[in-house]
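Heads up: the structure comes next, in structure tokens.
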Amino acid sequence: YFSANDGTTGEELWAYNSINGTTWQVIDLKPIGGYIGDIHVHEGHVYFAGEDNWDGKELWRLVFSKDVSFV
């Protein structure tokens, strides 16, 4: 998992699968001008700082079922 800016959606959370070489945007928290801070994996979850249009900068958790929520 890493943060990247594709020039369209701003800085967002991305993932890379080293087995098949695919890369994809995990979520678009804030269309146009997103923010993703430190990213950490702990006990099967990805935690990261992210900013959306409603709550500002918050701690978020990605569960490997692909559900994303702020904590």
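The values are calculated or read from the model by the stated rules, or taken from the named source; none is laboratory data. Just so you know, these numbers come straight off a predicted model, no measurement behind them. Positions of Cβ are backbone-derived with ideal geometry, glycine not excepted, and every protein chain shown enters the neighbour counts.
Matching residues to (1) surrounded by 11 or more Cβ atoms within 10 Å (Cβ to Cβ); (2) at pLDDT 85 or above:
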site	(1), (2)
GLY7	no, yes
LEU13	yes, yes
THR22	no, yes
PRO31	yes, no
TYR35	yes, yes
TRP54	no, no
ASP67	no, no
Handout entry: Top-ranked residue in the stretch 10-29 [being aliphatic (A, V, I, L, M) and outside any strand (DSSP E or B); ranked as nearest to the chain's Cα centre (by Cα)]
Key = LEU29
Exercise for the section: Show the residue pairs that are 6+ apart or on different chains and have beta-carbon atoms under 7 Å apart, the first residue being within the stretch 38-61 and under 15 Å from GLU11 (Cα atoms), the second being of a type in the set (Lys, Arg). Expected result: ALA49/LYS57; GLU51/LYS30; GLU51/LYS57; ASP52/LYS30; ASN53/LYS30
